[in-house]
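Worksheet for the structure shown next.
The values are calculated or read from the model by the stated rules, or taken from the named source; none is laboratory data. Here the structure is a predicted model, which is why all the values come from computation and not from measurement. With ideal geometry, Cβ positions are generated from the backbone for all residues, glycine too; neighbour counts draw on all protein chains shown.
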Amino acid sequence: MSTALSIASVTHVLMDLLNNGLIDQDITNAIGNVTVTALPPDRIDTTPTNEQSQLNLFMYQTTPNPGWSNVGLPSRDGQGERRNNPPLAIDLHYLLTAYGANDLHTDILLGYGMQLLHETPVLVRDAIRRSLTSAAAGGGLPDALRALATSQLAEQVEQIKITSESLNTEEISKLWTAFQAKFRPSSAYVASVVLIESNHSTKSALPVRARNIYARPFRNPVIEKIMSQATSGGPIIEDLPILAGHNLVITGKNLRSDGQLIIVDGVEVIDGLLVNVSGIEIKPAAVNVTDTQIIIPLTDEDLRAGIQGVQVTHSIPMGTPEVPHQGVESNVKAFVLQPQIIGPVTVNVAAAVEAADTVLLKVKPAVGESQRVILLLNEFDLNPSSSLVSDPPLSYSFKMSPDTDPGPTWPIEDLTFSVSNVLLGTYLVRVQVDGAESPLGIDADGKYNSPTADIP
């Protein structure tokens, strides 16, 4: 999610888009110098002697985005405690207006501006990063413009889409009357959606240990269930967390293809049978494939924690000589690859009283640069039966610091979190990566007991 600077960031990126597009089209040879602004129309000089060739992109209105209106609600529990930070989802309404002192200049400018926005239906993440990074690096720019680089606009979940908006004569008349400015040819656009979220600490309950949810997909081939196997030859347990290094057990119908047995890298596999895990193609060993079950190792270094999709594909050899062609594909089944805390959790106490402590830990699989990482702390109660209902265990959440910059070493396994305002005590520690939480250890009585950290 992005910050409150996202509205200004979207406007700046669109201005960059128009500026660069006009330069690429060499518009100055046709009408001379052109400026791109984002001013209210009443602040633009339209007197006959001073009016300049100018494109103005004015954000005149924001409206709630209906698709995100109920996400994250309710945000507080019955006791008024914050449970999550629901995003403020808004659409930005823009008016693109062309100005010019000479004949046809406004028509030429408006035509180029509309063409540029029409050919850019989505603001891609790389373009946003380039635009905001150049604003932050520019010397002599206002502080407000340099601050846009911290808006995290490029990292928000949904990309921003640009669409034209049709305004009738009455709506246009009302707008320009409200502007109290002289009318100029204009075109309306909507930028959707901007997601603004705060960083307030939230409470997180302990995870549910068992969920009785079953799905029965269709046939040919069909994936019915995803399970985990801690070690090769070990038991296959339905509720066992799916972790990196485990074997992924896929069960269903018609999973084995009719391909020939071939040798690839010293392993006998079935020609034409692939398992695709979130874009990573894996050839399962033939010994681990039956018509109702496939077992593959989750050892690829490109795997990341979070929601993953798995699909079984059977290619068909065709042609002379025979080459694999697209054949049948199973349904896509989702599973959560949970992160795992490796080794002890270390707490470094800050030297100054008012400074934040740091929590250091190691996770597997490694965390990618664009992943959202949160540290979850729950007070460890050695005698839960004695706890009062009115005094529930404490819980905290902390996002990994946005200025964590390991340089070229992404992905990283060693994570560092800054924690503050945490009461002293022992806490159960979890890490949440893109919504997937690391599992907790359980003692003989079925109570969570590890990993823990002592906050002094």
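Does T97 satisfy being part of a loop (DSSP other than H, G, I, E, B), assigned by TED's automatic domain parsing to the domain that holds T11, of a type in the set (S, T, N, Q) and farther than 30 Å from L377 by Cα? In short, no.
Every test in (1) modelled with pLDDT of 90 or more; (2) in contact with a strand residue (DSSP E or B) (Cβ under 7 Å, 6 or more places away or on another chain) is passed by S75 save one, and that test is (1).
Is it the case, given these coordinates, that V422 is surrounded by fewer than 21 Cβ atoms within 10 Å (Cβ to Cβ) and either in a strand (DSSP E or B) or not assigned by TED's automatic domain parsing to the domain that holds G309 (or both)? Yes: the conditions hold for V422.
The condition of being touching a helix residue (DSSP H, G or I) at 6+ places or on another chain (Cβ under 7 Å), on the phi > 0 side of the Ramachandran plot and not assigned by TED's automatic domain parsing to the domain that holds Y396 holds for only one of Q152, Q180, that being Q180.
Candidates in region 258-284 are the residues that are within 19 Å of P339 (Cβ to Cβ) and of a type in the set (A, V, I, L, M); of these, the one that is surrounded by the most Cβ atoms within 10 Å (Cβ to Cβ) is V277. Checking the stated criteria, V347 turns out not to satisfy the condition of being over 27 Å from the mean Cα position of the chain (by Cα), at pLDDT below 90 and surrounded by 12 or more Cβ atoms within 10 Å (Cβ to Cβ).
Taking the criterion of being touching a residue at least 40 places away in the same chain (Cβ under 8 Å), assigned to a loop (DSSP other than H, G, I, E, B) and under 33 Å from the mean Cα position of the chain (by Cα), the only residue of region 41-73 that qualifies is N65.
So, in region 322-334, of the ones that are surrounded by fewer than 19 Cβ atoms within 10 Å (Cβ to Cβ) and at pLDDT 90 or above, which residue ends up farthest from A230 (Cα to Cα)? It comes out as N331.
Would you say V36 is crowded, with 18+ Cβ neighbours inside 10 Å, under 28 Å from the mean Cα position of the chain (by Cα) and among the aliphatic types (A, V, I, L, M)? So V36 fails the test.
Does E165 meet the test of being assigned by TED's automatic domain parsing to the domain that holds I44, over 24 Å from L55 (Cα atoms) and modelled with pLDDT of 85 or more? No: the conditions fail for E165.
Applying a threshold of 6 Å to beta carbon distances and a minimum spacing of six or more residues, or different chains, the list of pairs starting in region 253-273 at a residue that is under 14 Å from P221 (Cα atoms) and ending at one that is of a type in the set (A, V, I, L, M) and surrounded by 15 or more Cβ atoms within 10 Å (Cβ to Cβ) reads K253/V222; L255/I294; L255/V312; R256/V289; S257/I270; S257/L273. Please find, among L240, L255, the residue that is under 23 Å from N331 (Cβ atoms), assigned by TED's automatic domain parsing to the domain that holds Q311 and surrounded by 18 or more Cβ atoms within 10 Å (Cβ to Cβ). Step by step, each of L240, L255 is checked, and only L255 is under 23 Å from N331 (Cβ atoms), assigned by TED's automatic domain parsing to the domain that holds Q311 and surrounded by 18 or more Cβ atoms within 10 Å (Cβ to Cβ).
Name the single residue, out of those in region 291-319 being under 17 Å from Q260 (Cβ atoms) and surrounded by fewer than 17 Cβ atoms within 10 Å (Cβ to Cβ), that is farthest from the chain's Cα centre (by Cα). If we take residues in region 291-319 being under 17 Å from Q260 (Cβ atoms) and surrounded by fewer than 17 Cβ atoms within 10 Å (Cβ to Cβ), then G319 is farthest from the chain's Cα centre (by Cα).
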